[in-house]
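S.K.: Starting off with a structure, shown below.
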Amino acid sequence: MRAEALRALVDLAEADERVVFLTGDLGFGVVEPFFERFPDRAFNVGVAEQAMVALATGLA
């Protein structure tokens with residue numbers, strides 16, 4: 001299911017350059033396709049959910 005969700009996210013990112021991916025240390029194997037395809041739009045903030053919210057706010 002994670003792979004399907006990520007595939008859908010990659011499809012969305014291909015269609016819209018505003019799509020970014022933020023993860024809180026989900027595991028690189030799961031998110032690797034997005035990070036490889038869109039390295040400038042992929043952010044792993046680690047186990048720092050507060051920082052991820054701040055980053056998302058700034059990106060918005």
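S.K.: Against the condition modelled with pLDDT under 95 and within 9 Å of the chain's Cα centre (by Cα), how does Phe34 come out, does it pass?
M.R.: Details: modelled with pLDDT under 95: yes; within 9 Å of the chain's Cα centre (by Cα): yes.
In short, yes.
S.K.: A further question on this structure: Listed residues Gly29, Gly58, Gly46; which is surrounded by fewer than 15 Cβ atoms within 10 Å (Cβ to Cβ), small (Gly, Ala, Ser) and part of a loop (DSSP other than H, G, I, E, B)? Walk me through it before giving the result.
M.R.: Numbers: Gly29 fails: part of a loop (DSSP other than H, G, I, E, B); Gly58 fails: part of a loop (DSSP other than H, G, I, E, B).
Criteria check complete, one pass: Gly46.
S.K.: Out of curiosity, is Glu4 part of a loop (DSSP other than H, G, I, E, B), more than 11 Å from the chain's Cα centre (by Cα) and acidic (Asp, Glu)?
M.R.: no
The values are calculated or read from the model by the stated rules, or taken from the named source; none is laboratory data. Note that the structure is a prediction, hence the values are computed from the model and not measured. Counting neighbours? That spans all protein chains shown, and the Cβs are built from the backbone with ideal geometry, glycine included.
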